[in-house]
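Working notes, beginning with the structure itself.
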Amino acid sequence: MVVNKSGTGTWQDAAVELSDWVFGNNGPSNADLVLLSLDAEDDIFHKIELEKLVDVDIGVDPAGSGSVQARHHSTVFDPPSGVYTEGTRLDLTATSAPGWEFSHWAGASASGNNPFFRLYPTINTQVKAVFVRS
């Protein structure tokens with residue numbers, strides 16, 4: 001579905017209207033937008049919470065010095081970079097290649113020298129595991 005902002009606080013296409021007035025920016029799970037389908041009498045007969053998608057770029061520096069595994073609960077993402085639902089918990093694990101050791105995380109709110117890092121991306125995000133020669 002493609003929607004365009006109309007400048008009135010709603011987004012519309014020929015079939016649906018997205019609006020934040022129903023829950024006053026405080027919808028289910030603090031959703032900002034809720035999809036509303038209205039009949040001729042403006043009765044709400046269907047609601048779907050929309051979720052924002054974010055692009056997450058996970059890498060290593062320098063290339064070939066190690067790898068990063070991303071998982072959400074029991075699901076492992078390989079490769080770890082991709083499009084995720086906003087706020088998805090990603091448990092990142094950095095593993096060094098032979099002759100290298102993990103140094104630190106770089107990028108979006110990443111810090112510390114622990115090879116385990118938990119990320120909750122809410123915007124497009126880049127994170128790198130940085131390795132040094134051992």
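Criterion first (closer than 22 Å to Lys52 by Cβ and assigned to a loop (DSSP other than H, G, I, E, B)) does Pro98 satisfy it? No, not satisfied.
Note on the stretch 38-57: among residues that are surrounded by 11 or more Cβ atoms within 10 Å (Cβ to Cβ) and touching an Asp or Glu at 6+ places or on another chain (Cβ under 8 Å), the one that is modelled with the lowest pLDDT is Leu38. Quick one: in the stretch 58-115, of everything that is over 15 Å from Val130 (Cβ atoms) and β-branched (Val, Ile, Thr), which residue is modelled with the lowest pLDDT? Ranking the qualifying residues of the stretch 58-115, first place goes to Thr85.
Could you count how many residues in the stretch 99-124 are farther than 22 Å from Gly64 by Cα and surrounded by fewer than 17 Cβ atoms within 10 Å (Cβ to Cβ)?
6
In the stretch 68-93, the residues that are surrounded by 15 or more Cβ atoms within 10 Å (Cβ to Cβ) reach residues that are not in a strand (DSSP E or B) with C-beta atoms within less than 6 angstrom, at least six apart or across chains, in these pairs: Val68/Pro80; Ala70/Pro80. Residue count for the stretch 101-134 under the criterion of being assigned to a loop (DSSP other than H, G, I, E, B) and either over 21 Å from the mean Cα position of the chain (by Cα) or small (Gly, Ala, Ser) (or both): the result is 8.
The values are calculated or read from the model by the stated rules, or taken from the named source; none is laboratory data. As the structure is a computational prediction, the values presented were derived from the model and not from experiment. In this analysis, Cβ positions are derived from the backbone assuming ideal geometry, glycine residues included, and neighbour counts consider all displayed protein chains.
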